[in-house]
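Only the coordinates and a few stated rules stand behind these numbers; no lab work does. Values in this document were obtained by computation on a predicted structure and should not be read as measured data. Using ideal geometry, Cβ is built from the backbone for each residue, glycine included, and neighbour counts are taken over all protein chains shown.
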């Protein structure tokens, strides 16, 4: 039996990600809302059911894209424009569109070629635009200890839809290929330590790339 990308993520969302779930939803949502502000056109990549979109919807125009059309039906009830999009495709559906902000929360780790997708994201930004998003910190100190013990339980490697894994150093390197200004912030339980060393202590790596 073969499964399409849509089938894989429909199953993943329905069996492992209940409606309204988003990793560190409040922390990431409030950060996005404060950084984005209002009066922006936003492309929300991998929006799923709009759990995170709700935080930065007010005063902005949002297009949410995802491969899971069932999740998109839920997101559309927020009053945003939605579009089914295979991120591994050619993105012809977005030809001619431009945005002030592209949001890619917990997306890059799901992609076969994240560098190629970052290039596409950059091409959709207006002059002075910004990419914002996040990835799991696969190589935090806690996760490294788990790997040494021979287990992937409770690490990003335990999610079968995670095709790529990132450390802060690797994330910095890939973002700097496409963006002049890059900032990475550590999120998670150990906030003070995560600020000092996101690479070792952050649960999630929040990033910004400016043209």
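Just for the stretch 5-210, what percent of DSSP beta bridges are antiparallel, to the closest 5?
Antiparallel bridges make up about 40 percent of those DSSP assigns within the stretch 5-210.
Per residue, how big is the convex hull of the stretch 5-210 when only Cα atoms are used? Give it in Å³. The partial results should precede the final answer.
Values: hull volume 23.4 nm³, N = 206.
Here the figure is 114 Å³ per residue.
Return a whole-number percent for the relative contact order of the chain, with Cα pairs under 8 Å and 6 or more residues apart as the contact set.
Working: 378 pairs, mean separation 34.0, N = 211.
The normalised contact order for the chain reaches 16 percent.
Any idea how far apart residue 61 and residue 95 come out in nm if each label point goes 7 Å out from Cα toward Cβ?
Simple spin-label model gives 2.1 nm for this pair.
Once you put a point 7 Å from the Cα of residue 141 and another 7 Å from the Cα of residue 30, both along the Cβ direction, what distance in nm separates them?
The two pseudo-label positions are separated by 2.5 nm.
In whole Å and largest first, what semi-axes does the C-alpha gyration tensor of the stretch 168-211 yield when each eigenvalue is scaled by 5 and square-rooted? Can you show the working numbers first?
Details: eigenvalues 86, 17, 9 Å².
Whole-Å semi-axes of the equivalent ellipsoid: 21, 9, 7.
Would you please classify the overall shape of the stretch 146-194 from the alpha carbon gyration tensor, given that a ≥ b ≥ c denote the square roots of the eigenvalues, rounded means a/c under 1.5, and beyond that prolate means a/b larger than b/c while oblate covers the rest?
On the way: a/c = 2.66, a/b = 1.48, b/c = 1.79.
Oblate, since a/c reaches 1.5 and b/c is not below a/b.
By how many nm would the segment from residue 86 to residue 177 lengthen if fully extended, with 0.36 nm per residue of separation less the alpha-carbon distance? Mind showing how you got there, number by number?
Working: separation 91, 0.36 × 91 = 32.76 nm, distance 2.31 nm.
Extra length from residue 86 to residue 177 when fully extended: 30.5 nm.
What shape does the stretch 23-76 have by the C-alpha gyration tensor, where a ≥ b ≥ c are the square roots of the eigenvalues, rounded means a/c under 1.5, and otherwise prolate means a/b greater than b/c and oblate the rest?
Oblate.
Given the stretch 98-153, report the % of alpha carbon pairs whose separation exceeds 19 Å. Walk me through the numbers on the way to the answer.
Details: 696 of 1540 pairs.
Roughly 45 percent, once rounded to a whole number.
Place the peptides 22-33, 55-66, 127-138 in order of packing, highest mean first, counting for every residue the other Cβ atoms within 10 Å and averaging per peptide.
Details: 22-33: 17.4, 55-66: 19.2, 127-138: 21.2.
Ranked from most to least packed, the peptides come out as 127-138, 55-66, 22-33.
Mind running the shape call on the stretch 33-127? Use the C-alpha gyration tensor, a ≥ b ≥ c as the square roots of the eigenvalues: rounded below 1.5 for a/c, prolate if a/b tops b/c, oblate otherwise.
Working: a/c = 1.57, a/b = 1.18, b/c = 1.33.
Oblate, because a/c is 1.5 or more while a/b does not exceed b/c.
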